[in-house]
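Chemist: Starting off with a structure, shown below.
The values are calculated or read from the model by the stated rules, or taken from the named source; none is laboratory data. For clarity, every value in this text was computed on a predicted model and none was experimentally measured. Note that we place each Cβ from the backbone using ideal geometry, even for glycine, and neighbour counts take in every protein chain shown.
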Amino acid sequence: MAPPAEPDAPGKDPAAFRTIREVSELLGVPQHVLRFWETRFPELKPLQRGGNRRYYRPGDVAFAAALHKLLHQDGYTVKGVRKLITDHGASNLVALANGETVAPRGRGRPAAAPVISVVPAPAEPAPAAAEPVRAPAVATPASAASPALLPELIALRDRLAAALAA
């Protein structure tokens, strides 16, 4: 998001650094809000010179303008903007604030679905003595279902082991 033209410094180069006062006037937010954003968004890191004076680079001003739009105009929370940065990257936040479509970070082109070939298993005769496995008809407490379910689970395990061994 390109910062709007600054009314109080018409001769200032757009690539020049800005003080916190200039950025706060440019965005229409108090200076303490910019300092708060610096604590919540480590990506917003202006230069600090002697006496802790902050100097915002043009990229920092654009990032702060994007934060202002997302937080104050679009209704995002700080946590929501943090998630946007995590998903799309801090470098794409300005584009997101401008309404541009940005692909999520780490998710380029979707991978092709793996081709799975199914080889039919050889037909085995089912054991005649084995009972079919079925779920209990009525939901019962775990302590009551455990004794009745254990023999069925053992039979199922044995059938599975026999199928895998073949």
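Chemist: May I ask you to list pairs of residues, at least six apart or on different chains, whose Cβ atoms are under 9 Å apart, with the first in the stretch 64-89 being of a type in the set (D, E) and the second being part of a helix (DSSP H, G or I) and at pLDDT below 90?
Modeler: D74/A97
Chemist: What single numbered condition from (1) outside any loop (DSSP other than H, G, I, E, B); (2) not assigned by TED's automatic domain parsing to the domain that holds A66 fails to hold for R54?
Modeler: (2)
Chemist: Just a yes or no: is a residue in the stretch 83-96 modelled with pLDDT under 90 and either loosely packed, with under 10 Cβ neighbours inside 10 Å or touching a Ser or Thr at 6+ places or on another chain (Cβ under 7 Å) (or both)?
Modeler: No - not one qualifying residue is present in the stretch 83-96.
Chemist: From G51, G80, G59, grab the single residue that is modelled with pLDDT of 90 or more and within 28 Å of D13 (Cα to Cα).
Modeler: G59
Chemist: If only one of R18, R53 is over 19 Å from A95 (Cβ atoms), exposed (fewer than 14 other Cβ atoms within 10 Å of the Cβ) and over 22 Å from the mean Cα position of the chain (by Cα), which one is it?
Modeler: Answer to the check: R53.
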